[in-house]
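Engineer: Have a look at the structure that comes next, please.
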Amino acid sequence: MAAELAPQLSLSEALGSRPHPVRRSAARVWSGLWPKLGAAVLLVVIWQLVVWSGWRSQSALPGPWPVVERLAGDLRHLDFYAAIGLTLRRVAFGYAIAAAAASIVAILIARIELARRAVGSLLVGLQSMPSIAWFPLAILLLQRSEGAITLVVVMGAAPAIAAGLLSGIDHVHPLLIRVGRAMGADGLRLYRHVILPAALPAFVGGLKQGWAFAWRSLMSAELLVVATNQSSIGQLLQSARNLNDAQQLLAIMVVIFVIGIAVDSVFGMLDTAIRRRWGLLGMEA
Amino acid sequence: MSNLLALSEKHALSVERLTVAFSHGEELLLALDGATFEVKRGEFVCVVGASGSGKSTLLNVLAGLDRPSAGRAHVHGRVALIFQESALLPWLTAAGNVELALELRGVSASVRQELAYELLGRVHLAGFEKRRPHELSGGMKQRVALARALAQDADVLLMDEPFGALDAISRDLLHEELERIWKESRLTILFVTHNAREAVRLGDRVMVFTSRPGRVAQEVHVNLPRPRSLDSPELAVIAGRITDRLKHEMFGEAVI
Ligand SMILES: Nc1ncnc2c1ncn2[C@@H]1O[C@H](COP(=O)(O)OP(=O)(O)OP(=O)(O)O)[C@@H](O)[C@H]1O
Ligand SMILES: [Mg+2]
């Protein structure tokens, strides 16, 4: 009886279940891209309108087109890439340290009840503190060195990453923990198989926020640490200002903006991928 | 010592004056109050009781998830629990959920996938191994939960209203599958439901719980031959008696 009925039921259940959304990835990328493109176009239009209004002279505030031309010119020079490369290496290094340290600290805190209460409020304080406030101390400790820059980036990014992971761990559904325990997972194995995977979406949120803080902190630090004679994005920005070269200044600002958005959208894609896996997306996504 | 050994050979689980209290602010709420019973090895026992009579609490204590406030609850051997809500891990596929249970049991990585597929086949889910929980229907999720519990290779299977949210046909089918698996693997099953017919359909014995706080009010031995049909008149008679007792438990005291 069971054997006769079961395949039928499986079939009807299969037909009744929600069809897996098959959509061409090109269409999906486009649907994610067009609002961003639209916003960029809007920004350029406003910029152009402000220039046309004659509020400031063209030498102080050049329009989009001269800036694009200038950027295209910059992109033909190797040292421009070298400057961007140095800045990206710095942010990658600082961010990696921040992510690793914050993850370890967050897991340790989560495991110790008392530490969680003590450090939890500390994290909020650290998060609201502008990381550039660390800079004088960093210079005092490490002079005007790479180390000082890294310290500022780490102090900017780490609290947000730790707070994200910690809140993820705190908000794991209790039922999932009971499920894990009922299957015989305890201590570290419970963390590895249940708590950390369950905290992943919040962790990615923290990583994304941490990235924004790292990028901001690095820009401030590079503007202040002109002493190192290596060329970086911040240093290019500073020298463009010194030369009153508004075109160059805006061209570099465009680069900073584009890098910030590009990395942010990588995190956005990661977040969407996770939520799709978990079935947390609505129909339209 | 020998006395204890004899006991453990015959009984799969024993509950002795089990009391569980939860604190609600100032007040103490008794979920279970002195529940006492035993389940023999290989026996299929159903528990029926009103909502809030401590059935889930009983299973949680037996699974080691909650502590008794007083008394003892002991399971001889390994125990697996199927939750009231099908509690699959949403980031794992159907097979992944089963494989995790195998991994936590210490099954080596090389055979895990094969075993998981085999177990999913046993609950008629072949072809759905790579689906994630949100892509499965309610009945399919409960089958994955069943496969995952079987993966734990437990001696005692605790089931908390596993088929409560299913349509009649799916439930019929899962009853048959469960009965088959129980016979094949010589499991001991403690099955919670608030449906008297379901209890009589499946159980060798049905325990009726008192309403809040819970303890055993009545025990009914079901001597009908298997497989039983939910619609058979003999089954309906026994289920009717149990329902009367349940009604008495729920409203009786208030009327008197
Ligand atoms: N974690 C908890 N904290 C406080 N009270 C609880 C907790 N778990 C259960 N209770 C209380 O204990 C009583 C028994 O709950 P339990 O979930 O065991 O009932 P049940 O018999 O499984 O009910 P149902 O048939 O509705 O699932 C209820 O009154 C409930 O409010
Ligand atoms: Mg319950």
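The values are calculated or read from the model by the stated rules, or taken from the named source; none is laboratory data. Only a predicted model underlies this, so the values are computations on that prediction, with no experimental measurement involved. Positions of Cβ are generated from backbone atoms using ideal geometry, with glycine treated the same way; all protein chains shown enter the neighbour counts. Side chains are part of the model used for accessible areas, which takes the heavy atoms of the whole protein and leaves out ligands, DNA and RNA. Shrake-Rupley method; radii C 1.70, N 1.55, O 1.52, S 1.80 Å.
Engineer: Given the structure, is residue A:181 of a type in the set (Lys, Arg), open to solvent by 20 Å² or more (accessible area, probe 1.4 Å) and within 14 Å of chain B (Cβ to nearest Cβ)? Reasoning before the result, please.
Structural biologist: Details: of a type in the set (Lys, Arg): yes; open to solvent by 20 Å² or more (accessible area, probe 1.4 Å): yes; within 14 Å of chain B (Cβ to nearest Cβ): yes.
Here the answer is yes, as residue A:181 does meet what is asked.
Engineer: Given the options B:167, B:172, B:204, name the one that is open to solvent by 20 Å² or more (accessible area, probe 1.4 Å), within 14 Å of chain A (Cβ to nearest Cβ), more than 28 Å from residue B:90 (Cβ to Cβ) and charged (D, E, K, R).
Structural biologist: On the way: B:167 fails: more than 28 Å from residue B:90 (Cβ to Cβ); B:204 fails: within 14 Å of chain A (Cβ to nearest Cβ).
B:172 is the lone residue from the list that is open to solvent by 20 Å² or more (accessible area, probe 1.4 Å), within 14 Å of chain A (Cβ to nearest Cβ), more than 28 Å from residue B:90 (Cβ to Cβ) and charged (D, E, K, R).
Engineer: Taking the options B:186, B:212, name whichever one is within 16 Å of ligand 2 (Cβ to nearest atom), out of contact with any strand residue (DSSP E or B) (no Cβ under 7 Å at 6 or more places or on another chain) and touching a residue at least 40 places away in the same chain (Cβ under 8 Å). Talk me through it step by step, then tell me what you get.
Structural biologist: Details: B:186 fails: within 16 Å of ligand 2 (Cβ to nearest atom).
Sole residue among the options that is within 16 Å of ligand 2 (Cβ to nearest atom), out of contact with any strand residue (DSSP E or B) (no Cβ under 7 Å at 6 or more places or on another chain) and touching a residue at least 40 places away in the same chain (Cβ under 8 Å): B:212.
Engineer: Go through region B:65-82 residue by residue and tally those that are within 15 Å of ligand 1 (Cβ to nearest atom) and open to solvent by 10 Å² or more (accessible area, probe 1.4 Å).
Structural biologist: Of the residues in region B:65-82, the ones within 15 Å of ligand 1 (Cβ to nearest atom) are B:65-69, B:73, B:81-82.
Adding the requirement that they be open to solvent by 10 Å² or more (accessible area, probe 1.4 Å) leaves B:65-69, B:73, B:81.
Result for region B:65-82: 7.
Engineer: Consider residue B:99 carefully, then state whether it is more than 8 Å from every other protein chain (Cβ to nearest Cβ), within 25 Å of residue B:138 (Cα to Cα) and either part of a helix (DSSP H, G or I) or away from ligand 1 (no atom under 13 Å from the Cβ) (or both). Give the steps one after another, and end with the answer.
Structural biologist: Values: more than 8 Å from every other protein chain (Cβ to nearest Cβ): yes; within 25 Å of residue B:138 (Cα to Cα): yes; either part of a helix (DSSP H, G or I) or away from ligand 1 (no atom under 13 Å from the Cβ) (or both): yes.
Considered against the rule, which asks whether it is more than 8 Å from every other protein chain (Cβ to nearest Cβ), within 25 Å of residue B:138 (Cα to Cα) and either part of a helix (DSSP H, G or I) or away from ligand 1 (no atom under 13 Å from the Cβ) (or both), residue B:99 comes out as yes.
Engineer: When region A:253-268 is examined, which residues are found to be hydrophobic (A, V, I, L, M, F, W, C) and free of Cβ contacts under 8 Å to residues at least 60 places away in the same chain?
Structural biologist: Our first condition is that a residue be hydrophobic (A, V, I, L, M, F, W, C); within region A:253-268, this holds for A:253-259, A:261-263, A:266-267.
A:253, A:256, A:257, A:258, A:262, A:263, A:266, listed by residue number.
Engineer: Scan region B:189-209 residue by residue and report those that are within 16 Å of ligand 2 (Cβ to nearest atom), of a type in the set (A, V, I, L, M) and either under 12 Å from the mean Cα position of the chain (by Cα) or at positive phi (or both).
Structural biologist: If the condition is that a residue be within 16 Å of ligand 2 (Cβ to nearest atom), of a type in the set (A, V, I, L, M) and either under 12 Å from the mean Cα position of the chain (by Cα) or at positive phi (or both), then B:190, B:192, B:199 are the ones that fit.
Engineer: Shifting gears a bit: Read through the list (1) within 14 Å of chain A (Cβ to nearest Cβ); (2) within 15 Å of ligand 1 (Cβ to nearest atom); (3) surrounded by 19 or more Cβ atoms within 10 Å (Cβ to Cβ), then give the number of the only condition that residue B:85 fails.
Structural biologist: Failing condition for residue B:85: (3).
Engineer: Quick check on region B:23-62: of everything there that is aliphatic (A, V, I, L, M) and away from ligand 2 (no atom under 14 Å from the Cβ), which residue is most open to solvent (accessible area, probe 1.4 Å)?
Structural biologist: Kept after step one, since they are aliphatic (A, V, I, L, M), are these residues of region B:23-62: B:28-32, B:35, B:39, B:45, B:47-48, B:50, B:58-59, B:61-62.
Filter once more, so that each one left must be away from ligand 2 (no atom under 14 Å from the Cβ): B:28-30, B:35, B:39, B:45.
Values: B:28: 130, B:29: 62, B:30: 65, B:35: 0, B:39: 1, B:45: 0 Å².
Among those residues, the one meeting the criterion is B:28.
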